[in-house]
Structure formats: structure tokens, C-alpha cells
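Data first, discussion second: the structure below is written as C-alpha cells.
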Amino acid sequence: MFAAERRQLILEMVRANGAVSLRELARVVQTSEVTVRRDVRALEAEGLLDRRHGGAVLPGGFTRESGFPQKSHLSTAEKTAIADLAAGLVEEGEAIVVGAGTTTQELARRLARVPGLTVVTNSLLVAQALAHANRVEVVMTGGTLRGSNYALVGSGAEQSLQGLRVSRAFLSGAGLSAERGLSTSNMLSASVDRALVQAAAEVVVLADHTKLGTDTMFQTVPTDLITHLVTDEPPAGDDRAATELQALADRGVQVAVASTDGADNGMTHGRQRREMPPVPGPRRHQHPSGNYPGGSAPGEPRARAAGQSAGGVSGMSPLRTAQLAGEQQAARIADLAPRRR
């Protein structure tokens, strides 16, 4: 394929989907990520698209929201790895909320095997994934159906969440940055996601690396309310994504990075998290809506070793290597994804 043909195809993919990762572009045009990165740089110079961390987006700074048919075919390997790792945070008998999105849909498919689980959701796709799970109770919110992502939104959805209290909320979105936290491009979806957050003691964000540093119109979860981030490993050389992860860790977010290489470490579906010494970050403040015995939120003993700060990046290339050199003996890995019993 000639360079002009490649670039035209890249441009068409970005226009159709709003945002596409370099990994996905390279797969479609059947070339290396280095070549695709060069093509994206050339298209950006012409003002036809904008580069982002590990990907390309429509020009203008804010990405638009893609519909489900487009998003379901993007970053499929990354979403699978993220869902595998995030499922390890859920224990038998828990009550959780799961928001709308293609990544949370992947998570729901894995939660079907967790006995005694109660899942509250506004997503028809999440409910469908759990419909035949014998030991999982699914509670749907009310609301008005938003067809582009098969989610229930509006005042009916928000009112049905009032008075609800669960251990964790699992959410995804269109963008994630250390400065603004999780965001989305639709006002109704953002409002329901905020209601889901208010119902949970902890917030787990599922976001692949293409969303890191991306900013969209409506904030859903500020950074100081995000307990965990589960993401995939950015491509080699994507220093901007690594910098964003470091910034999130410095703000107190516990970061787990899923590998997409298919190696087996005994976790669900054989996905592996390559562990490195965590990057220290400040201890997180307690969720404002809950008081927990002993000062620990649900899941806290598993997420923090004694004396360890809550922030940390595990499973990615070393960050701030020089600063970590003298800390490796004292630091301990936070196991954010314990093996399923």
C-alpha cells in the first residue's frame, strides 16, 4: 500500500470512530506502528487530525463520542486484557455498580462466574452479558434509552440510584487525565455516571491507553475520587502516556497495567500483569460518602501492603528509574488483582 493510500485509510478510520489507537491503525493498514506514527504526524501537519497518546483523534481538542458499532471494534485486545485484570477486584457476594461502555461489557462477561454477586447497571449490554448467569442478580436502573450506547439515562436513571450503597463502581469514559479525571462527551451519560459514583465506596476506572490524556466535555469522576485505574500497557516510546500514568499515580490513583501478550500467570483467561516496583504517590483521602471500620475502605487490605502509599504504577516500563533506585527495597507491590478463589 502506498503512503497516500495508507493516510487516506487512516483519515477515514479517525473520521468514522472519533479516536483510534496507533496499534489498531497499524493492524488495519498492515504496517508497523512506527510507519503509522509517521503518517499520523504528516496528517496532523495538514490539520486533518490531532495526535494523542498512542493514537489519533478528530481535530479540535475534544473528541466526539463514537457509537457502539464503531467502539466495539476498537482496541479489542486491550479491552479484553483490562476486563480480565479488573475482574480480579470483584469478590463473591459483593454488590457493585457497572456503568455503560464496551470495556465494562467485557468485564460483565467475566463477572458471570462470580457467585452471589449483585450488579446494578444502567447498561443493556452489561445486563445482557449477565442475563444467563445463575448466581448473579442484575438490577437495572430506570430511565430513557440512549440508543447510541444502549444505556438508560435521564432523571429516571438518576432517581433510581438514590439511597443505593455498594462496594465499588466500575466505569469507563471517553477521556482520562490527571487534571480532570474521567470525562465523557455526552451530558446525560455524565450525569448518570456521577450518580453511580455517589453510590459506591470505591471507584474503578477502566480505560485503555488511547484515552489517557484525552479531554472531553463533561467531567464524570474527578481524579481524587478515582481509587483504581485498570489500563493496558502503552506502546513502546509513548512517553506521553507514561507521563500521564505517573501523574495519576502522584495524585493517589492505584494503577494496574494489563499485558496484551497473552502470557499466563494463573489469572483469569491467562492474562499477565508484569510487576515493577510501584511509583510512590500520596495516600488517598477517604471517599467522602463513607466511613469504614479501622479507616479502610472495602478491598483496602488487598490493595495496600503495610506502610505502602495508595498511588503506584505496576506492570509497565520503569518510570523515574533514578528516583526509584533507592526505594525498591522498601516498596512492595500492591496486588490490585488477586486470583479468583
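The values are calculated or read from the model by the stated rules, or taken from the named source; none is laboratory data. Remember, it's a predicted structure, so these values are computed and weren't measured experimentally. Quick note on the areas: whole protein, heavy atoms, side chains included, nothing else; ligands and nucleic acids left out. Shrake-Rupley method; radii C 1.70, N 1.55, O 1.52, S 1.80 Å.
Rounded to the nearest 10 square angstrom, D224 shows an accessible area of 90 square angstrom against a 1.4 Å probe. Dividing the alpha-carbon radius of gyration of the stretch 123-185 by the rule-of-thumb value 2.2 N^0.38 Å gives 1.29. Remark: accessible surface ordering of E179, E46, E24 (largest first) is E179, E46, E24, probe radius 1.4 Å.
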